[in-house]
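Reading through the structure tokens given below for one structure.
The values are calculated or read from the model by the stated rules, or taken from the named source; none is laboratory data. For clarity, every value in this text was computed on a predicted model and none was experimentally measured. Note that each Cβ is placed from the backbone with ideal geometry, even for glycine, and that neighbours are counted across all protein chains shown.
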Amino acid sequence: MRKINLVLLGAPGSGKGTQAKILSEYYGIENISLGDILRQEASHNTALGKSVKKYMNEGVLVPDEIIKEVIASKIDKTGFILDGFPRNINQATILQKILEESGSSLDKVIYLEVNQDTAVRRLSGRRVCKNCGALYHVVTMAPKQTNICDRCASELVVREDDKETTVRKRWEVFMNETHSLIDYYRKQDKLLDIDGNQDKDEVFERIKETFNTHKYNNKVV
Ligand code: AMP
């Protein structure tokens, strides 16, 4: 029996980051968040960080050649949840190759469907810990102390790309480049459609229910 390999797919503000963290803990699988990895690199001003910052701040995708290197170095064992990768068909092909080479495969793709109003409300109130990447919302997931992380006491900040014009750009990028993955994975019978408009606990319950229906209820497959 091996652990489950998952991808989380959804528009900006669909709750991918939040659900990835919950699922990772619940199923005991690694959470690989491309956005978090790239933000860490950017905040430490590494060579990689410098090369991706501009794209991220503009809300567009980092070129696939850069992403390919990063992801190949991160998927080193089975049992993971990918948050934010793949984001286009070419990246999906890259993922398939990496997995095939290690004798593994992708089990399911969770698609968190969300309407734009919900997403904008979430993103405009989102705060993220500068240090550990923990996520908060000023109304629905407020920290105990204003702008201080409950976990590591570091400062909470607004993500550069959560500003209104950049959010609009990220939606456009999702519709133009990432949306085609929904059909791509549906055809492979890997897609699980989840209503992502509910609060985080309800969304997680729906994911668990769907897993039970697909007999992924033993935490491993
Ligand atoms: P996220 O935290 O997933 O919303 O990602 C934030 C930003 O990081 C995106 O708007 C992109 O600029 C970049 N990024 C994250 N994942 C990818 C990816 N798979 N391909 C290209 N760019 C990405």
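If you go through segment 17-47 and pick out every residue that is closer than 15 Å to Gly84 by Cα and either assigned to a strand (DSSP E or B) or β-branched (Val, Ile, Thr) (or both), you end up with 6. Within segment 120-136, at least one residue is part of a helix (DSSP H, G or I) and under 28 Å from Gly28 (Cα atoms). Checked against the criterion of being surrounded by fewer than 12 Cβ atoms within 10 Å (Cβ to Cβ), of a type outside the set (D, E, K, R) and more than 14 Å from the ligand (Cβ to nearest atom), segment 176-185 contains not a single residue that satisfies it. Of all residues in segment 158-190, those that are among the aliphatic types (A, V, I, L, M) and at pLDDT 95 or above total 4. Selection over segment 125-148 of residues that are in contact with a helix residue (DSSP H, G or I) (Cβ under 7 Å, 6 or more places away or on another chain) and of a type outside the set (Lys, Arg) gives a count of 3. Asp150 passes every criterion in (1) out of contact with any Lys or Arg (no Cβ under 6 Å at 6 or more places or on another chain); (2) free of Cβ contacts under 8 Å to residues at least 40 places away in the same chain; (3) assigned to a loop (DSSP other than H, G, I, E, B) apart from (1). So, Leu106, is that one buried (at least 19 other Cβ atoms within 10 Å of the Cβ), under 25 Å from Lys208 (Cβ atoms) and under 18 Å from the mean Cα position of the chain (by Cα) or not? So Leu106 fits the description; yes.
Screening Thr78 with (1) part of a loop (DSSP other than H, G, I, E, B); (2) modelled with pLDDT of 95 or more gives one miss only, at (2).
Within segment 122-135, being in contact with a Ser or Thr (Cβ under 9 Å, 6 or more places away or on another chain) and under 16 Å from Ser14 (Cβ atoms) holds for Arg122, Gly125, Leu135. For segment 48-68, filtered to residues that are in contact (Cβ under 8 Å) with a residue 40 or more places away in the chain, surrounded by 15 or more Cβ atoms within 10 Å (Cβ to Cβ) and outside any loop (DSSP other than H, G, I, E, B), the residue that is nearest to the ligand (Cβ to nearest atom) is Met56.
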